[in-house]
Amino acid sequence: MGTYGVMSGDHEVRCDYEKLRRDRLLKTRAQMKKEGLGAILVFEQDHIRYITGTKIGEWNHTIRNRYVLLCEGQEPILFENGSAIPAKRLLSPFIKDIRPNSSDMKGVLPPDAGGVQRGVDEIVSILKEHNLQDAPLGVDDPFFSWVDALQKAGIKVVDGQQCMLNAQTIKTPEEIYLIEMSAAMVDAGFYNVLQAAKPGVREIELSSLMRDTCLKLGAECVHNAQVTSGNRTFPHPHDVSDRFIRPGDMIFMDVVCDYMGYKTCYYRTFMCGKPTQNQKDVYNTAYKIVKDTMDVSKAGVMTSELVKLWPSAKDVGYDNDEEGFLLQLCHGIGITHWAKPAILPGYSEQNPIPLEENMVIAYENYYHRNGDAARIEEEAVITKDGVRTLTRFPMETLLTSWDW
């Protein structure tokens with residue numbers, strides 16, 4: 001499909017948001033039926049958006065005091081922060097049933113304030129209204145207080161997280177389009193970051209530049225713009241610091257950009273200055289790992305085949321797979337940053353699954369030798385014949401900021 005403008009228009013069909021919302025709800029309903037759920041109660045903000053097409057500010061991602069109840073055969077009910085309800089009714093008319101939430105403000109309000117109990121009483125009442133009080137209720141990522149109160153009310157609470165993640169595994173054309181739009185914003189950010197990576201520039205400044213670029217292009221949020229340079233590249237800190245760049249530094253950067261709810265997971269590695277032979281070898285090995293893995297990927301290939309192509313944790317300086325967790329992996333990407341399938345050493349060999357058409361996979365790796373380390377990540381759509389790559393910033397050679 002490629003990419004078009006950020007704005008919707010009357011003169012072109014770019015992303016059909018009405019179809020996007022309809023398809024996501026249909027997929028959720030189908031997965032609920034497959035897993036035998038009478039209803040599902042979701043607190044995770046990405047899952048709420050998947051079912052309802054509504055969102056609120058990033059501050060609510062950790063507080064999780066909005067929630068949605070979807071009963072078999074019924075329309076979703078959005079339990080919203082009270083003061084946001086008039087705006088949602090005005091701007092999100094596709095959600096017909098919006099009610100005030102009942103919250104304990106992530107435990108800030110004590111149990112005797114009764115917030116959770118009022119919420120549970122309303123959920124139970126709705127389940128009884130639809131004769132679903134004895135059916136399994138899937139709950140995705142709740143607080144203990146909610147599970148405890150639901151179980152005391154006689155509700156059979158089961159794992160709803162798997163239901164939501166399974167529903168999201170195969171992407172629709174609209175979802176793929178939004179993931180690629182998000183990746184295109186990061187393409188532009190890497191171009192600006194590479195030009196700015198000069199001696200004396202701090203990692204946090206490069207992170208800020210990436211965030212600025214993506215936001216100006218229309219991103220809703222940049223959840224992560226992690227920059228790691230020089231002697232910080234091994235061991236991998238998974239963070240950004242105020243270290244300033246020096247000549248001869250390898251630099252790798254990971255970006256989780258969010259456009260219309262759809263995320264990236266996108267690494268690139270580059271240089272400040274002329275690379276040594278060791279740095280070239282490290283980079284070329286990292287590139288080969290990604291390329292070889294993508295080259296064998298297509299619908300029907302078992303995930304265990306991908307893991308065979310990767311170096312072990314010991315090969316890159318770590319003691320075992322547990323300590324090397326997150327260095328070599330592939331994972332789904334979509335409305336959640338980590339989506340199914342998860343392809344990991346120490347797991348996928350014994351638990352292989354086939355790749356399927358229209359999965360979107362993030363291929364990420366890490367390679368280290370003699371103090372230098374590189375990390376590269378591509379995003380691609382699985383097809384019956386191979387993959388279609390969504391991330392376009394060059395990775396074939398180790399680029400240096402001194403040439404830009």
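For this structure, a couple of remarks:
- Taken over the alpha carbons of segment 238-362 as equal point scatterers, the Debye sum produces base-10 log I(q)/I(0) values at 0.18, 0.19, 0.21, 0.22 Å⁻¹ of -1.15, -1.24, -1.37, -1.42.
- Among Ala30, Met181, Ala373 - extreme Cα towards positive end, dipole of the chain, charges at beta-carbon: Met181
- Within the accessible area of the chain (1.4 Å probe), percent carbon and sulfur: 53
- Spread of Cα-to-Cα distances over 10 Å intervals beginning at zero, given as percent, for segment 300-398: 15, 45, 33, 7
- Helices in the chain that qualify as membrane-span-like (whole DSSP H runs, Cα extent of at least 20 Å along the helix axis, mean Kyte-Doolittle hydropathy of -1.0 or higher) are 115-129, 173-196, 203-217.
- For segment 252-285, the residues whose backbone nitrogen is under 12 Å from a point 7 Å from the Cα of Trp404, taken along Cα to Cβ, are 252-253, 268-273.
- Calculated FRET efficiency for the pair Lys106/Phe244, C-beta based, R₀ 35 Å, to 0.05: 0.40
- Positive dipole terminus of the chain, leading residue within Cys221, Ile63, Ser304 (C-beta point charges): Cys221
- Enclosed volume per residue, in Å³, of the convex hull spanned by Cα atoms of segment 160-289: 131
- Rg over Rh [alpha-carbon atoms, Kirkwood Rh] for segment 1-145: 1.00
- Alpha carbon centroid spacing (whole Å) that separates segment 281-305 from segment 318-342: 15
- Distance between the 7 Å Cα→Cβ label points at Asp321 and Leu91: 4.6 nm.
- Distance from the Cα centroid of segment 1-67 to that of segment 204-278 is 28 Å (rounded to whole angstrom).
- Percentage of interatomic Cα-Cα distances in segment 98-153 larger than 19 Å: 27
- Our estimate of slack between Tyr191 and Ile353, defined as 0.36 nm per intervening residue step minus the Cα-Cα distance, is 54.7 nm.
- Its Cα centre serving as origin, segment 258-391 has a Cβ charge dipole (Lys and Arg +1, Asp and Glu -1) of approximately 420 debye.
- Equivalent-ellipsoid semi-axes of segment 186-251, from the Cα gyration tensor, Å, largest first: 21, 13, 9
- Ellipsoid semi-axes in whole angstrom, largest first, where each is sqrt(5λ) of the Cα gyration tensor of segment 128-172: 23, 14, 7
- When the chain is treated as a GNM with alpha-carbon contacts under 10 Å, the residue of Ser229, Ser92, Ser83 showing the greatest mean-square fluctuation is Ser83.
- Both radii come from the Cα set of segment 9-56: Rg as radius of gyration, Rh as Kirkwood radius; their ratio Rg/Rh reads 1.09.
- Across segment 141-200, the volume of the C-alpha convex hull divided among the residues equals 145 Å³ per residue.
- Farthest toward positive dipole pole in segment 72-129 [+1 Lys/Arg, -1 Asp/Glu at C-beta], among Val108, Ala87, Ile77: Ala87
- Cut-off 18 Å (backbone N to label point 7 Å along Cα→Cβ of Asp295), residues of segment 360-374: 363-366
- When only the Cβ of Lys, Arg, Asp and Glu is charged (+1, +1, -1, -1), the dipole of the chain relative to its Cα centre reaches about 480 debye.
- Think of each Lys and Arg Cβ as +1 and each Asp and Glu Cβ as -1; about the Cα centre, that makes the dipole of segment 186-275 roughly 300 debye.
- Ordering of 192-204, 12-24 by burial proxy (mean other Cβ atoms within 10 Å per residue, highest first): 192-204, 12-24
- Residue among His236, His130, His331 with the largest mean-square fluctuation in a Gaussian network model of the chain, springs linking Cα atoms under 10 Å: His130
- Expected-Rg normalisation [2.2 N^0.38 Å, Cα atoms] applied to the chain: 1.05
- Among the trypsin sites (Lys or Arg not before Pro) within segment 58-99, those in coil by DSSP and having at most 11 neighbouring Cβ atoms inside 10 Å are Lys96.
The values are calculated or read from the model by the stated rules, or taken from the named source; none is laboratory data. Since we're looking at a predicted model, the values are computed, not measured. Every residue, glycine among them, receives a Cβ derived from its backbone with ideal geometry; neighbour counts consider all protein chains shown. Calculation scope for accessible area: heavy atoms of the full protein, side chains included, ligands and nucleic acids excluded. Shrake-Rupley method; radii C 1.70, N 1.55, O 1.52, S 1.80 Å.
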